[in-house]
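Trainee: Below is a structure I'd like to ask you about.
The values are calculated or read from the model by the stated rules, or taken from the named source; none is laboratory data. Because the structure is a prediction, the values reported are computed rather than measured. Here Cβ is always computed from backbone atoms with ideal geometry, including for glycine, and neighbour counts include all displayed protein chains.
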């Protein structure tokens, strides 16, 4: 039987997920990144979290910056607790010792402080300064090795912070058990923070780049959904039980309703009525099986007004707990952050049906369009596994025309059901067309339907295009006109 390594939780949910349970207790890690990348915040956040959980922390700085200035910056963050300083968390400056007496005396100083403090976590900020004082790579290795040895003997986990981007073959990298790299990239005018686990000796980890941000609560890390939920966290909840789409006329065309825990996509141009279909879907929510509007364009107030125009009391549903609304602007946010937020709301509110309006809104914050198919595939799979029936919208370009461009490649792997909506010019009128392109594992009516949005709901009719041809081109003609 394999022995499991003892873990030390960082208290930073996303980091513990990347590390598959936390840091390996008694090991040593380098946290590296350019100035301003968030290293000091991450390390101190971990330290204060560790103290709250009963641990003791020693923070040793090899920098010229005073602790008072550091406390001033950290005091703006919610994890900072000034009452712990000098007690469970001790700050020691080793800068003068390093400058005047060298690395050997720094090791002796920190060894004494580890014992005196009974530290279970030690943070050494300023490894680059120590490296600059070393006469050779051997001296750098010796410095790290001696600190590791003293810390391991005392059962202490060590974090070395450096503003230098060290190579994999550097003496520092070869000596430690793990390397956490933090960085920042520009995408157009947006700046996005990234974190990567470059080395995790003797331990599994989620590889690759992951997005993060600095908030009032400190560093928040969002593991890539594809890495976190490559296999759904729960058994698939799909069955052939039917739930209403919110429109009896549509239910009759798809075998009695949508399959529970399925994903339906309504795609069409702006103004065609995608959100209106979604509102009908959400209107079937109940306090026992609540719904969630996860939107990007309709504020809660506008959503309620729009629903009222269709004959639904969303305000009353919000008050009863049958409906919840999460609105976020498309000008800010991170793709994996949105996915994590959606899944958290589903769990917290016991959501059973979700309207995502729209998937296009989520893509606007994506920094890597090539991963969208994998991201949405994993997100929808995770929602299915949690017993959620999803109705999503996606705006496609072009009001008219014979070509229909899929919003993402391999769309069939992402969704179960597809509704295509288009504007059609027919008999001197502009009509809304809805047709069912796909319903997985079910028979369905593929007729061309006219969708009429009335003040008390939506009506679907087969009559309008019964004697028409070339309807999907956007300009229909009657078959009797020849």
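Trainee: Got at least one residue in region 413-423 being assigned to a helix (DSSP H, G or I) and either modelled with pLDDT of 85 or more or farther than 19 Å from residue 269 by Cβ (or both)?
Mentor: Keep residues of region 413-423 that are assigned to a helix (DSSP H, G or I), which gives 413.
Cutting the leftovers down to either modelled with pLDDT of 85 or more or farther than 19 Å from residue 269 by Cβ (or both) gives us 413.
Yes: one or more hits.
Trainee: Follow-up question, since we're still on this one. Kindly evaluate residue 264 against the criterion of being touching a helix residue (DSSP H, G or I) at 6+ places or on another chain (Cβ under 7 Å), closer than 30 Å to residue 424 by Cβ and surrounded by 16 or more Cβ atoms within 10 Å (Cβ to Cβ). Quick ask: steps written out before the conclusion?
Mentor: Numbers: touching a helix residue (DSSP H, G or I) at 6+ places or on another chain (Cβ under 7 Å): no; closer than 30 Å to residue 424 by Cβ: yes; surrounded by 16 or more Cβ atoms within 10 Å (Cβ to Cβ): yes.
Judged against the criteria, residue 264 is not a match.
Trainee: May I ask you to say which residue of 230, 188 is at positive phi, within 21 Å of the chain's Cα centre (by Cα) and outside the structural domain of residue 362 (by TED's automatic domain parsing)?
Mentor: From the options 230, 188, the qualifying one is 188.
Trainee: On to the next question. Which members of region 143-167 meet the condition of being without any contact (Cβ under 8 Å) to a residue 12 or more places away in the chain and more than 33 Å from the chain's Cα centre (by Cα)?
Mentor: So the first thing to find is which residues in region 143-167 are without any contact (Cβ under 8 Å) to a residue 12 or more places away in the chain, and the list is 149, 153, 167.
Matches in region 143-167: 149, 153.
Trainee: Then there's this: Would you check if there is a residue in region 30-45 being farther than 12 Å from residue 120 by Cα, assigned to a strand (DSSP E or B) and out of contact with any helix residue (DSSP H, G or I) (no Cβ under 9 Å at 6 or more places or on another chain)? Quick ask: steps written out before the conclusion?
Mentor: Here is the first cut: in region 30-45, the residues farther than 12 Å from residue 120 by Cα are 30-45.
The next check asks that each one be assigned to a strand (DSSP E or B); those that pass are 30-32.
After this cut, where a residue has to be out of contact with any helix residue (DSSP H, G or I) (no Cβ under 9 Å at 6 or more places or on another chain) as well, the list is none.
For region 30-45, residues farther than 12 Å from residue 120 by Cα, assigned to a strand (DSSP E or B) and out of contact with any helix residue (DSSP H, G or I) (no Cβ under 9 Å at 6 or more places or on another chain): absent.
Trainee: So how many residues does region 158-206 have that are over 25 Å from residue 8 (Cα atoms) and either modelled with pLDDT of 90 or more or loosely packed, with under 15 Cβ neighbours inside 10 Å (or both)?
Mentor: 12
Trainee: Identify, please: which residue in region 434-452 is part of a strand (DSSP E or B) and within 35 Å of the chain's Cα centre (by Cα) and is, among those, surrounded by the most Cβ atoms within 10 Å (Cβ to Cβ)?
Mentor: Out of the qualifying residues, it is 434.
Trainee: OK, next. Could you check region 65-83 and list, in sequence order, the residues that are out of contact with any strand residue (DSSP E or B) (no Cβ under 8 Å at 6 or more places or on another chain), assigned to a loop (DSSP other than H, G, I, E, B) and surrounded by 14 or more Cβ atoms within 10 Å (Cβ to Cβ)?
Mentor: Passing the criteria: 65, 80, 81.
Trainee: A follow-up question, please. Six or more apart or on different chains, Cβ atoms under 8 Å: show the pairs whose first residue is in region 420-439 and on the phi > 0 side of the Ramachandran plot and whose second is surrounded by fewer than 19 Cβ atoms within 10 Å (Cβ to Cβ).
Mentor: Going by the 8 Å Cβ cut-off, the qualifying pairs are 427/478.
Trainee: If you check every pair at least six apart or on different chains, which have Cβ atoms under 9 Å apart with a residue in region 285-299 that is free of Cβ contacts under 8 Å to residues at least 60 places away in the same chain first and a residue that is in a strand (DSSP E or B) and surrounded by fewer than 19 Cβ atoms within 10 Å (Cβ to Cβ) second?
Mentor: Cβ pairs passing all conditions: 298/327; 299/327.
Trainee: Consider residue 58 carefully, then state whether it is farther than 16 Å from residue 117 by Cα and either surrounded by 14 or more Cβ atoms within 10 Å (Cβ to Cβ) or modelled with pLDDT of 95 or more (or both).
Mentor: Numbers: farther than 16 Å from residue 117 by Cα: no; either surrounded by 14 or more Cβ atoms within 10 Å (Cβ to Cβ) or modelled with pLDDT of 95 or more (or both): yes.
So residue 58 fails the test.
Trainee: Of all residues in region 149-183, how many are part of a helix (DSSP H, G or I) and either more than 20 Å from residue 46 (Cβ to Cβ) or in contact with a helix residue (DSSP H, G or I) (Cβ under 7 Å, 6 or more places away or on another chain) (or both)?
Mentor: Filtering region 149-183 for residues part of a helix (DSSP H, G or I) gives 149-153, 171-175.
Among the residues that remain, those that are also either more than 20 Å from residue 46 (Cβ to Cβ) or in contact with a helix residue (DSSP H, G or I) (Cβ under 7 Å, 6 or more places away or on another chain) (or both) are: 149-151, 153, 171-175.
Matching residues across region 149-183 total 9.
Trainee: Checking the condition more than 25 Å from residue 182 (Cα to Cα) and within 32 Å of the chain's Cα centre (by Cα), which residue from 87, 36, 47, 54 passes?
Mentor: On the way: 87 fails: within 32 Å of the chain's Cα centre (by Cα); 36 fails: more than 25 Å from residue 182 (Cα to Cα); 47 fails: more than 25 Å from residue 182 (Cα to Cα).
Residue meeting the stated conditions: 54.
Trainee: Next question. Please name all residue pairs, on different chains or six or more residues apart, with Cβ atoms under 6 Å, provided the first residue is in region 13-27 and is without any contact (Cβ under 8 Å) to a residue 60 or more places away in the chain and the second residue is outside any helix (DSSP H, G or I).
Mentor: From residues that are without any contact (Cβ under 8 Å) to a residue 60 or more places away in the chain, the pairs are 16/9; 16/10; 16/22; 21/7; 22/7; 22/8; 22/9; 22/10.
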